[in-house]
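First up is the structure itself, then whatever we jot down about it.
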Amino acid sequence: MSLALKPLLLFLVLCALNPFPSVECAIPFIRTLQNLRGIRRGQNADGVGILRSHLKNLGYQVNDKSSSDNNFDANDESALKQYQAFHGLHTSGVVDDQTIETMSLPRCGLPDITATPNPNPNGLSSSSPPQNYTYFPGNPKWSKFTLTYRVTRMPSSVSVSQNDFKQALRNAFNTWGQNNSFTFTETTGQSDIVAGFHRGLHFDFYPFDGRGGVLAHAFAPDDGRMHMDADENWSTTGSSPTIDVETVCLHELGHNLGLGHSNDPNAIMAPTYSGVRRNTRQDDREGLNNLYGF
Ligand SMILES: [Zn+2]
Ligand SMILES: [Zn+2]
């Protein structure tokens with residue numbers, strides 16, 4: 001086979017394996033959700049199968065049914081209640097306004113639930129400090145504290161410059177490196193963490209979905225990849241309706257360091273984006289400290 005054909009073949013194989021082929025924009029999903037308003041157990045509606053797939057992708061346990069099965073059954077209700085509990089919503093088991101609003105928010109592409117049980121799955125405790133952070137299955141972490149990073153070439157028409165991105169990254173690294181042993185150094189050669197913008201299918205089985213929906217994703221130690229969706233309306237200010245690049249870098253870097261999603265809505269490791277947030281919270285810092293023994 002010629003060398004020129006190999007990338008094409010790989011692309012076609014990835015397309016065939018890709019569970020979300022060539023989604024251009026997250027708006028159709030939001031429309032689907034709006035059509036499901038008020039749906040409860042036992043009811044049928046177009047889009048229930050899409051909602052089920054969404055919950056499954058976020059790590060919630062649903063039955064393996066065809067996506068064309070649009071009956072909202074007891075299992076779907078249970079998964080929706082788990083979603084509502086994680087996000088601090090009323091656990092109605094009904095596709096209600098609050099649930100639609102939360103599910104429509106831009107978010108990180110990683111699931112809410114991983115195999116490692118959440119220490120406090122039902123929400124915040126008012127009597128003790130919040131411990132809602134999670135880790136990846138098997139608690140992977142770096143075996144060193146001096147990490148290098150590099151930035152990959154920017155694709156065309158990203159709405160922030162490479163210098164802006166680098167500054168956002170520097171700030172995010174500084175934030176995570178406060179009061180612990182981590183140091184982060186930029187390099188242009190081989191590095192522990194590799195950060196950059198990607199568009200649509202980008203050869204890791206987690207294609208981006210265009211503007212809205214998934215903003216970014218990152219991989220657990222010691223993989224080190226941090227991917228930002230090139231199609232988002234990024235900015236360095238986060239003024240509405242733009243997405244603050246530093247806020248998302250800070251969140252994704254938490255994954256690179258070994259943190260999963262937190263159900264503390266104020267944590268930087270909460271899965272949804274709800275505006276500019278350029279600091280870690282107690283829950284985030286406790287998660288990092290307990291993972292590394294700081
Ligand atoms: Zn995340
Ligand atoms: Zn990716």
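The values are calculated or read from the model by the stated rules, or taken from the named source; none is laboratory data. Computed from a predicted structure; not experimentally measured. A quick note on method: Cβ atoms are made from the backbone with ideal geometry, for glycine too, and the neighbour counts reach across all protein chains shown.
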Filter region 147-157 down to residues that are out of contact with any Lys or Arg (no Cβ under 9 Å at 6 or more places or on another chain) and either outside the structural domain of Arg225 (by TED's automatic domain parsing) or crowded, with 16+ Cβ neighbours inside 10 Å (or both) and give me whichever is nearest to Tyr292 (Cα to Cα).
Leu147
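Sort through Phe208, Phe197 and tell me the only one that's surrounded by 21 or more Cβ atoms within 10 Å (Cβ to Cβ) and in a loop (DSSP other than H, G, I, E, B). First the steps, then the outcome.
Values: Phe197 fails: in a loop (DSSP other than H, G, I, E, B).
One residue alone meets the criteria, Phe208.
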Does region 66-76 contain any residue that is at pLDDT below 90 and farther than 19 Å from Thr272 by Cβ?
yes
Quick check on my filter: what residues within region 150-182 are without any contact (Cβ under 8 Å) to a residue 60 or more places away in the chain, touching a Phe, Trp or Tyr at 6+ places or on another chain (Cβ under 7 Å) and under 25 Å from Arg281 (Cβ atoms)?
Gly177
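So that you can scan it fast, the table gives a plain yes or no per residue for (1) under 15 Å from the mean Cα position of the chain (by Cα); (2) more than 16 Å from ligand 2 (Cβ to nearest atom); (3) modelled with pLDDT of 95 or more:
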position	(1), (2), (3)
His255	yes, no, yes
Gly258	yes, yes, yes
Pro265	yes, yes, no
Val276	no, yes, yes
Asp284	no, yes, yes
In region 152-179, residue farthest from ligand 1 (Cβ to nearest atom) [restricted to those that are in contact with a helix residue (DSSP H, G or I) (Cβ under 7 Å, 6 or more places away or on another chain) and in a loop (DSSP other than H, G, I, E, B)]:
Met154
Condition met for Val245 (assigned by TED's automatic domain parsing to the domain that holds Ser161, within 21 Å of Val158 (Cα to Cα), within 16 Å of ligand 1 (Cβ to nearest atom) and in contact with a Gly (Cβ under 6 Å, 6 or more places away or on another chain))
no
Tell me whether region 193-204 contains one or more residues that are in contact with a helix residue (DSSP H, G or I) (Cβ under 7 Å, 6 or more places away or on another chain) and away from ligand 1 (no atom under 16 Å from the Cβ).
yes
Quick one: is Asp76 crowded, with 20+ Cβ neighbours inside 10 Å, part of a helix (DSSP H, G or I) and either among the acidic types (Asp, Glu) or under 14 Å from the mean Cα position of the chain (by Cα) (or both)?
yes
